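Only one structure is covered here, and it is reproduced in the block below.
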Amino acid sequence: MARMQARRLRAAVAGATGAVGRELVGLLAARDFPAAELRLLASERSVGEPVQFGDRELPVERLETSALEDLDLLLLCAGAEVSRRWAPRAVAAGAVVVDTSAAFRLDPEVPLVVAELNPGALAALGPRHMVACPDGASLAAALALGPLSRAAGLRRVWAFACLSASQAGRAGAAELEQQTRDLFNFRPVRAERFPHQLAFNCLPRCGPFDADGSTALERGLVEETRRLLGLPRLPMGVTAVQVPVFSAHGLALHLELGRALPPDEARALLADAPGLRLVDDPAGEAYPHGLEAVGQDEVLVGRVRRDGGSEGGLALWLAVDNARRGGALNAVQVAERLASVLLSR
Ligand SMILES: NC(=O)c1ccc[n+]([C@@H]2O[C@H](COP(=O)([O-])OP(=O)(O)OC[C@H]3O[C@@H](n4cnc5c(N)ncnc54)[C@H](OP(=O)(O)O)[C@@H]3O)[C@@H](O)[C@H]2O)c1
């Protein structure tokens, strides 16, 4: 491990200019992360660009070998390709890596961690010195399913995910904004990041299809949820739809539990679970929705009701700020736990 300065860490964020990266840098400042030094890294395109860190602006540097020297912790949010290339190099240079991409989420040698759900998995950091964070939809699903599974057992899950444009990064949100402007100004609409017009449209496709007709995101939602819950054979079906909102995913979960769980009992379990906030008063028009989830540190859960499909059937609806709560906050919470371990050495 690199030498620590006055019991504070040397940390870097790679991908600091992206949808997740900007949220992450803001959270490190707001939560007073114990960093003696914070380097903000991105591609050549962004060198010198200022990124807000608390009341200061820090300049972006290029992600290159010299940027990894004397580093204790690297938070990676620059996509899977960048993670595959740079995570092993950072570890070889002496850093611990927290990765938000899909690159290592299913690697059995790398713990997949949601801070409120399975922090014990950090004990298995092992020689790889890396921690993977799940996608925002998987994180939301696992946070809600965890307490229900522990209380009543989980036989089967069907999920329907409505994913915001920013799940495709800054470019996804920018394309939705441009298409909306073009439509209102009677200009032709161009689709580049998404295969069809997303503005005022829903696309049953989040990423390329595989031979079975599923997408990597749908498969990831199944595999990451299974791994986080410690239920490797949980039967789970998913459809993910790209919807024309900038931020916050919506997620319908239909469960078959091992026993009938009255909705009031389920609500009490969800209300007590860390990382969740119960918003469930349909008569008073209180239920989770995207705009209410934006900027929040909790996953919102509501519409808890019996699902008539089976005896142990239960249905619920979640809303989560995908870049902040789903991506950045979990990485920061994991980094905070790692920091206390690293600083106690
Ligand atoms: N968006 C979400 O809802 C969400 C949620 C959970 C996890 N994640 C994961 O978080 C990661 C980042 O996603 P995002 O949505 O923030 O993407 P994004 O908005 O497209 O940002 C990508 C970031 O990576 C940087 N980057 C790209 N290529 C690079 C390279 N060759 N070298 C160094 N930096 C490079 C970009 O820098 P430039 O500005 O220089 O291009 C930018 O800072 C992805 O792996 C994604 O799976 C995303």
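Read-outs: derived from the displayed coordinates by stated rules, not from any lab. None of the values given here were measured: they were computed from a predicted structure. Counting neighbours? That spans all protein chains shown, and the Cβs are built from the backbone with ideal geometry, glycine included.
Structure notes:
- 12 Å beta-carbon shell around Ala216, net charge (K/R +1, D/E -1): -3
- Couplings for segment 212-229, taken from phi via the Karplus curve 6.51 cos²θ - 1.76 cosθ + 1.60 with θ = phi - 60°, read 8, x, 9, 10, 4, 5, 5, 4, x, 4, 5, 5, 5, 5, 4, 5, 5, 7 Hz in order; Gly and Pro are left as x.
- Gyration tensor verdict on segment 1-143 (Cα atoms; rounded if a/c is under 1.5, prolate if a/b is larger than b/c, oblate otherwise): rounded
- Magnitude of the charge dipole, the chain, Cβ model with Lys/Arg +1 and Asp/Glu -1, debye to 20: 500
- Expressed to the nearest 5 percent, the antiparallel share of DSSP beta bridges inside the chain is 50 percent.
- Taking the longest Cα principal axis of the chain as reference, the axis of helix 136-152 is set at about 50 degrees.
- A cut-off of 5 Å between modelled amide H atoms, ignoring neighbours fewer than 5 places along the same chain, links Arg277 with Val299, Leu300, Val301.
- Rough spin-label spacing in nm, given labels placed 7 Å along Cα→Cβ, for Leu106 and Ser310: 2.3
- When DSSP beta bridges are restricted to pairs lying wholly in segment 137-322, around 70% turn out antiparallel.
- Shape category assigned to segment 196-238 from the gyration tensor of Cα positions, a/c cut at 1.5: prolate
- Long-range amide H partners of Gln242 with built H, under 5 Å: Leu163, Leu203, Arg205
- Share of pairwise Cα separations in segment 305-344, more than 12 Å, in percent: 70
- Under a Gaussian network description of the chain, with springs only between Cα atoms under 10 Å, the residue in Arg62, Arg190, Arg325 that fluctuates furthest is Arg190.
- Ranked by the mean number of other Cβ atoms within 10 Å of their residues, highest first, the peptides 143-152, 179-188, 100-109 come out as 143-152, 100-109, 179-188.
- Fewest neighbouring Cβ atoms within 10 Å first, the residues Asp72, Asp99 line up as Asp72, Asp99.
- Model label zone, Arg89; criterion: amide N under 19 Å from point 7 Å along Cα-to-beta-carbon; scope segment 14-40: 14-18, 39-40
- All alpha carbon pair distances within the chain were sorted into 20 Å bins beginning at 0; the resulting P(r) in whole percents reads 31, 57, 13, 0.
- Span per principal axis, largest first, for the Cα atoms of segment 7-90 (Å): 31, 29, 19
- A straight line joining the Cα centroids of segment 134-163 and segment 53-106 runs 29 Å.
- Computed on the Cα trace of segment 276-339, the radius of gyration divided by the Kirkwood hydrodynamic radius gives Rg/Rh = 1.12.
- Rounded tilt (10° steps) of 19-30 against the dominant C-alpha axis of the chain: 70
- Counting every alpha-carbon pair across segment 137-322, the share separated by more than 22 Å comes to 48%.
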